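Beneath this line is the structure, given in structure tokens, with notes to follow.
Just so it is clear, none of the values below were taken in a lab; they were calculated from the coordinates. On a predicted model such as this, the values are computed, not experimentally measured, just so you know. Cβ sites come from the backbone with ideal geometry, for glycine too, and all protein chains shown count toward neighbours.
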Amino acid sequence: MIFPERLKLWRSPRFPAALVSSGLAALFAVSRWLQPDPSGHGTHLQLGLLPCTFFVLTGLPCPLCGATTSFALMADGRPVDAFFNQPFATFLAASCAIGLVLALTELIQPSGPATRALTWLSERDASAAAIFLVLMFSGWTYKIAVTLNFF
């Protein structure tokens with residue numbers, strides 16, 4: 001085999017944890033770097049992305065409208081502001097933070113808490129998906145209500 005020492009890295013139980021922890025750490029680093037847009041959405045424009053097509057066409061927020069802003073607020077240590085901006089995105093940011101901690105513990109102790117958490121969650125796929133969708137729809141409904149000045 002060519003480069004067998006490199007193949008060992010790919011087969012290591014620590015490799016997926018290293019990928020996940022690196023990705024989530026990068027996500028939070030970028031979120032920390034961003035300045036939350038005071039309007040509650042549009043923070044993603046700082047990344048060179050285009051405005052939300054759904055919002056431009058309808059004047060209503062998309063299901064994840066304000067998510068980048070909420071991630072930036074969470075990274076700034078402002079969870080209450082993040083929640084009032086986009087509750088579902090705040091849940092996602094908190095879930096990513098928990099995922100980062102679990103991935104880091106998996107690096108230290110393979111087949112540890114992260115493996116047990118994933119096993120527990122995989123046994124509840126349908127329930128987790130339903131909860132995820134309900135939370136996303138609830139956050140979207142809230143964001144529409146805020147946009148239409150119901151609050």
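Which of the residues spanning the range 98-108 are surrounded by 15 or more Cβ atoms within 10 Å (Cβ to Cβ), of a type outside the set (Gly, Ala, Ser) and under 18 Å from the mean Cα position of the chain (by Cα)?
Within the range 98-108, LEU100, LEU102, LEU104 meet the criteria.
From THR115, THR141, which residue is over 30 Å from ARG14 (Cβ atoms), in a helix (DSSP H, G or I) and not aliphatic (A, V, I, L, M)?
Checking each option against the conditions leaves just THR141.
Answer with yes or no whether SER95 is assigned to a helix (DSSP H, G or I), surrounded by fewer than 18 Cβ atoms within 10 Å (Cβ to Cβ), out of contact with any helix residue (DSSP H, G or I) (no Cβ under 9 Å at 6 or more places or on another chain) and polar (S, T, N, Q). Walk me through it before giving the result.
On the way: assigned to a helix (DSSP H, G or I): yes; surrounded by fewer than 18 Cβ atoms within 10 Å (Cβ to Cβ): yes; out of contact with any helix residue (DSSP H, G or I) (no Cβ under 9 Å at 6 or more places or on another chain): yes; polar (S, T, N, Q): yes.
Against the criterion (assigned to a helix (DSSP H, G or I), surrounded by fewer than 18 Cβ atoms within 10 Å (Cβ to Cβ), out of contact with any helix residue (DSSP H, G or I) (no Cβ under 9 Å at 6 or more places or on another chain) and polar (S, T, N, Q)), SER95 qualifies.
Going residue by residue through the range 76-86, is there one that turns out to be surrounded by 14 or more Cβ atoms within 10 Å (Cβ to Cβ), touching a residue at least 40 places away in the same chain (Cβ under 8 Å), among the hydrophobic types (A, V, I, L, M, F, W, C) and in contact with a helix residue (DSSP H, G or I) (Cβ under 6 Å, 6 or more places away or on another chain)?
no
Considering the range 66-96 alone, what residues qualify as being more than 25 Å from SER21 (Cα to Cα) and touching a Gly at 6+ places or on another chain (Cβ under 8 Å)?
ASN85
Going through the range 109-141 one residue at a time, which ones are of a type in the set (Ser, Thr, Tyr), over 26 Å from GLN86 (Cα atoms) and either surrounded by 13 or more Cβ atoms within 10 Å (Cβ to Cβ) or within 17 Å of the chain's Cα centre (by Cα) (or both)?
Answer for the range 109-141, where residues must be of a type in the set (Ser, Thr, Tyr), over 26 Å from GLN86 (Cα atoms) and either surrounded by 13 or more Cβ atoms within 10 Å (Cβ to Cβ) or within 17 Å of the chain's Cα centre (by Cα) (or both): just THR115.
Quick check on the range 31-81: of everything there that is charged (D, E, K, R) and part of a helix (DSSP H, G or I), which residue is nearest to the chain's Cα centre (by Cα)? Steps first, please.
Residues of the range 31-81 that are charged (D, E, K, R), as a first pass: 32, 37, 76, 78, 81.
Now restrict to residues that are part of a helix (DSSP H, G or I): 32, 81.
Working: ARG32: 13, ASP81: 16 Å.
Once the filter is applied, the top-ranked residue is ARG32.
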